[in-house]
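Remarks on the structure that follows.
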Amino acid sequence: MTQRNTAAPGHIEYVLRLGDNALILGQRLSEWCGHAPVLEEDMALANTALDLIGQARLLLTHAGRLEGRGRDEDQLAFLRGERDYRNLTLAELPNEDFGRTVVRNFLFAAFQVPLYQRLTASSDAELAAVAAKSLKEARYHLSHAGEWVIRLGDGTDVSHDKAQAALDYLWPYTAEFFAANPIDDAVSAAGIGPAWHNLEADWEAAVVPVLVEATLTVPARTPFASYGKFGRHSEHMGHLLATMQTMQRTYPGAQW
Amino acid sequence: MYTQSLSIPDGEARGPKKVENPAYQAEFDAKIAAGGFIEAKDWMPEAYRKTLIRQISQHAHSEIVGMLPEGNWITRAPSLKRKAILLAKVQDEGGHGLYLYAAAETLGVSRDELYEALLSGKAKYSSIFNYPTLNWADIGVIGWLVDGAAIMNQIPLCKCSYGPYSRAMVRICKEESFHQRQGYDLLLAMMRGTPEQRDMVQDAVNRWWWPSIMMFGPHDKDSVHTETTRWGIKRISNDDLRQKFVDATVKQAEVLGVSLPDPDLKWNAERGHYDFGAIDWDEFWNVVQGHGQCNVDRLAARVKAWEDGAWVREAALEHARKRAVREKDAA
Amino acid sequence: MERKEWPLWEVFVRSRNGLDHKHCGSVHAPDAKLALQVARDVYTRRQEGVSIWVVKASDIVASDPDAKPELFDPAEDKIYRHPTFYTLPEEVDHM
């Protein structure tokens with residue numbers, strides 16, 4: 001497995017962003033297992049987490065191959081330093097409560113759907129195949145999380161306030177989804193995948209009607225910016241990694 | 001995963017048919033004697049119904065409390081493959097709890113009532129989950145020994161006389177067949193690894209062996225199950241199942257390359273079975289009675305999840321109510 | 001006391017085209033839409049179905065005793081849920 005790195009500029013980085021999004025949100029959602037508000041929803045959250053971990057495995061494996069240095073999914077998942085993770089900051093934020101969890105799943109899935117849709121036409125055949133498989137999963141996540149956003153937003157006064165608070169907290173982090181950067185430009189020029197800033201209209205078209213139906217107020221954009229996809233994370237990331245990486249760091253080289 | 005064969009009194013459960021009727025009773029007895037199934041709406045003796053509610057709900061509680069010790073390792077699983085496997089497995093346990101609560105509900109009790117009994121500490125669940133998971137090998141050993149013991153207990157329940165319980169058990173046993181294998185597979189990988197990994201496996205086996213043996217419940221001479229046996233709820237005795245488990249496990253331990261922590265464990269050619277040492281029943285009853293290392297924490301975690309989720313459950317109901325009103329107004 | 005429990009729904013799954021929907025269990029859900037979704041999450045984790053019905057348990061009249069790709073394909077790659085995913089030594093392979 002010592003292929004030469006023939007990947008176009010930014011290609012690996014772009015795939016890492018996709019893989020790390022799935023990895024880190026999957027890790028967060030897996031924290032819910034056994035602790036959800038009802039048994040049925042415990043099952044549903046675990047299914048979403050399993051889908052995301054599955055996506056992460058495919059995408060990180062692919063990134064490792066593109067890189068051609070022999071790193072497999074686990075070396076990439078567990079043995080990078082914090083600054084080398086390329087996930088959106090939104091994915092690494094703590095779950096907090098069920099409200100924030102479903103609002104995040106909703107905002108994130110609404111981004112994943114148009115992204116994977118475009119990626120099914122990628123010039124990178126492997127990436128296109130992963131996207132086709134993952135698109136079905138993301139659509140279901142969007143639908144399920146959207147149903148919950150509506151129920152919480154248009155439920156009791158308490159649930160409405162909690163859903164609105166979750167939305168207000170998370171919304172600023174969605175600006176990062178669409179922050180333009182040279183990697184996106186290069187990758188999109190090579191036909192590998194869309195520049196994420198071109199997905200904003202699709203994302204809004206998916207998000208806003210549901211928020212309206214949920215009787216939630218769509219927050220205004222502020223100057224707030226986050227930079228997880230460029231490798232500058234929140235304070236929460238280090239703790240997440242400390243937990244996730246502990247076995248691989250403590251027992252270097254061991255096979256599991 | 002599984003419930004202990006314990007007879008602990010429960011409170012009054014509400015239910016459909018309390019009428020005692022000799023003709024119905026005779027019909028019921030004949031059905032049982034012929035090995036037939038009793039279905040939800042059939043007449044059944046009140047004691048049969050209560051026994052089932054107790055046993056099925058204890059079993060359900062065991063599944064959802066059982067999510068906690070293994071759940072303790074999901075975020076720390078050492079590879080993505082193992083993380084996915086463990087998450088799927090713990091999720092399955094939630095599913096099994098769900099199937100079982102639904103089976104109990106056919107007997108005229110609601111899931112919330114059963115939950116209430118668990119969360120208030122009135123209801124019991126399998127004591128095995130009151131032991132802590134201390135290293136990654138615990139996840140493998142739980143699959144191998146704890147699920148192994150559970151499967152041995154559960155297979156006879158697939159033929160239990162109460163239809164909904166029996167069908168839930170068929171589904172559970174089918175899903176659970178991967179649980180034991182993934183555990184053994186995990187341990188095999190560790191035994192092929194470094195000395196440190198092998199030490200972890202042995203350490204986990206040392207801690208889980210006796211609690212696993214205890215999962216089969218008290219010795220036959222100390223436990224009263226005449227009714228459950230007559231009713232076709234329990235089909236094989238505690239000691240017979242335990243012996244079957246020990247006999248099957250010794251070989252598996254050899255292949256794995258671990259020792260089982262019992263100096264008295266040896267083949268008895270005369271009996272055609274392995275003999276094993278005396279079980280520490282004081283420890284067993286201590287844990288059953290709430291003094292295990294994790295009893296308090298396990299219950300607290302269940303209570304917290306339930307209380308933290310209250311506003312979510314209420315919101316969904318309120319939304320459904322509002323929507324129904326709107327649809328009515330629109331019509 | 002105010003009733004706070006979600007209603008019970010009976011779940012029927014068609015395992016593949018050509019077969020009837022078969023009763024496979026129940027779920028609690030606040031409404032039909034979520035009932036359908038959680039039924040999918042609970043009862044088709046191993047590709048057990050291609051179509052689901054949910055019926056409110058209280059709407060079932062009983063005799064006296066005498067999808068879509070995004071719903072089902074995601075279970076396709078969870079091969080580790082099946083016992084044959086694990087290769088064990090021959091001596092213990094009946095596990």
Legend entry - segment B:22-330: relative contact order in percent, alpha carbon pairs under 8 Å with at least 6 residues between: 19
Inset, instruction - Between A:Ala49, A:Ala129, A:Ala91, find the one with the highest GNM mean-square fluctuation for chain A; connect C-alpha pairs within less than 10 Å. - result: A:Ala129
Legend entry - Tilt relative to chain B, helix B:310-330 - C-alpha long axis, 0 to 90 degrees, to 10: 30
Inset, instruction - Stick to Cα atoms and the Kirkwood definition of Rh, then tell me Rg/Rh for segment B:114-232. - result: 1.04
Inset, instruction - Taking DSSP loops as anything outside H, G, I, E and B, show the longest stretch in chain A free of trypsin sites (Lys or Arg not before Pro) there with at most 15 other beta carbons within 10 Å. - result: A:70-220
Inset, instruction - Kindly state, to the nearest 0.05, the FRET efficiency for B:Asn206 paired with B:Gln289, given R0 = 30 Å and r defined as their beta-carbon distance. - result: 0.80
Legend entry - Using a Förster distance of 25 Å, the FRET efficiency for C:Asp93-B:Arg235 (Cβ separation, nearest 0.05): 0.40
Legend entry - Loop sites in segment B:244-295: GluC sites (Glu not before Pro), DSSP, at most 12 other Cβ within 10 Å: B:Glu270
Legend entry - For B:Asp203, C:Asp59, order by how many other beta-carbon atoms lie within 10 Å, fewest first: C:Asp59, B:Asp203
Legend entry - Inter-chain shielding of A:156-163 (mean C-beta neighbours from other protein chains, 10 Å cut-off): 4
Inset, instruction - Rounded to the nearest 500, what is the 222 nm mean residue ellipticity of chain A from helices alone, with -39500 (n - 2.57) per DSSP H run of 4+ residues and division by all residues? - result: -21000 deg cm²/dmol
Legend entry - Cα lying deepest toward the dipole's positive end in segment B:209-331, options B:Asn295, B:Pro263, B:Leu317, charges on Cβ: B:Leu317
Inset, instruction - Jot down the per residue volume, in cubic angstrom and as a whole number, of the convex hull over the alpha-carbon atoms of segment B:22-330. - result: 168
Inset, instruction - Could you work out, residue by residue across B:69-75, how many beta carbons of other chains sit within 10 Å of that residue's beta carbon, and then give the average as an integer? - result: 4
Inset, instruction - At most 13 other Cβ atoms within 10 Å and a DSSP loop assignment: could you name the trypsin sites (Lys or Arg not before Pro) in segment B:61-130 that fit? - result: B:Lys122
Inset, instruction - Please list, or write none, the aspartates and glutamates whose alpha carbon is within less than 14 Å of the alpha carbon of B:Lys221, excluding same-chain residues fewer than 8 places away. - result: B:Asp239, B:Asp240
Inset, instruction - Specify the angular offset, from 0 to 90 degrees and rounded to the nearest 10, of the alpha carbon long axis of helix B:238-256 from the longest principal axis of the alpha carbons in chain B. - result: 40
Legend entry - Ranked B:Trp144, A:Trp196, A:Trp171, criterion: other C-beta atoms within 10 Å, fewest first: A:Trp171, A:Trp196, B:Trp144
Inset, instruction - Springs between alpha-carbon atoms under 10 Å, Gaussian network over chain A: tell me which of A:Val130, A:Val38, A:Val158 tops the mean-square fluctuations. - result: A:Val38
Legend entry - Among the listed pairs B:Lys81/B:Lys304; A:Lys133/C:Lys78; A:Lys136/C:Lys33, those beyond 21 Å (Cα-Cα): B:Lys81/B:Lys304
Inset, instruction - Rank B:Val296, B:Val90, B:Val255 by mean-square fluctuation in a GNM of chain B with C-alpha springs under 10 angstrom and give only the top-ranked residue. - result: B:Val255
Inset, instruction - Multiply the residue separation of A:Glu235 and A:Glu96 by 0.36 nm, subtract the distance between their alpha-carbon atoms, and state the gained length in nm to one decimal. - result: 48.6 nm
Inset, instruction - Per DSSP H run of at least 4 residues, take -39500 (n - 2.57); add these up for chain B, divide by its residues and hand me the 222 nm value, nearest 500 deg cm²/dmol. - result: -20000 deg cm²/dmol
Legend entry - Charge dipole of chain A about the Cα centre (unit charges at C-beta), most positive-ward option of A:Ile192, A:Val113, A:Gly70: A:Gly70
Inset, instruction - Please work out whether segment B:58-147 counts as rounded, prolate or oblate from its C-alpha gyration tensor, where a ≥ b ≥ c are the square roots of the eigenvalues and a/c under 1.5 means rounded, while otherwise a/b larger than b/c means prolate and anything else oblate? - result: prolate
Legend entry - Spacing of the two label points (7 Å from each Cα toward its C-beta) at A:Tyr227 and A:Glu126, in nm: 3.0
Legend entry - Listed residue pairs exceeding 26 Å between alpha carbons, taken from B:Lys89/C:Lys56; B:Lys50/C:Lys4; B:Lys31/B:Lys122: B:Lys89/C:Lys56; B:Lys31/B:Lys122
Inset, instruction - Could you pull the Cα extents of the protein assembly as shown along its three principal axes, largest to smallest, in whole Å? - result: 80, 71, 49
Legend entry - Spin-label pair B:Ala331/B:Asp275, simplified geometry with 7 Å Cα→Cβ offset, distance in nm: 7.5
Legend entry - Size of charge dipole - the protein assembly as shown - debye, nearest 20, with Cβ of Lys, Arg +1 and Asp, Glu -1, no other charges: 840
Inset, instruction - Report, in deg cm²/dmol and to the nearest 500, the calculated mean residue ellipticity at 222 nm for chain C, where each DSSP H run with n ≥ 4 adds -39500 (n - 2.57) and the sum is divided by the residue count. - result: -4500 deg cm²/dmol
Inset, instruction - Starting with the fewest neighbours, write out B:Tyr165, B:Tyr274, A:Tyr169 ranked by other beta-carbon atoms found within 10 Å of each beta-carbon. - result: A:Tyr169, B:Tyr274, B:Tyr165
Inset, instruction - Provide a whole-number value for the mean count of partner chain Cβ atoms within 10 Å of the Cβ atoms in peptide B:178-188. - result: 5
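Since every read-out is calculated from the coordinates, none of them should be taken as a lab result. What you are looking at is a predicted structure, and each value in this text was computed from that prediction instead of being measured. Don't worry about glycine lacking a Cβ; one is built from the backbone with ideal geometry, like all the others, and counts go over all protein chains shown.
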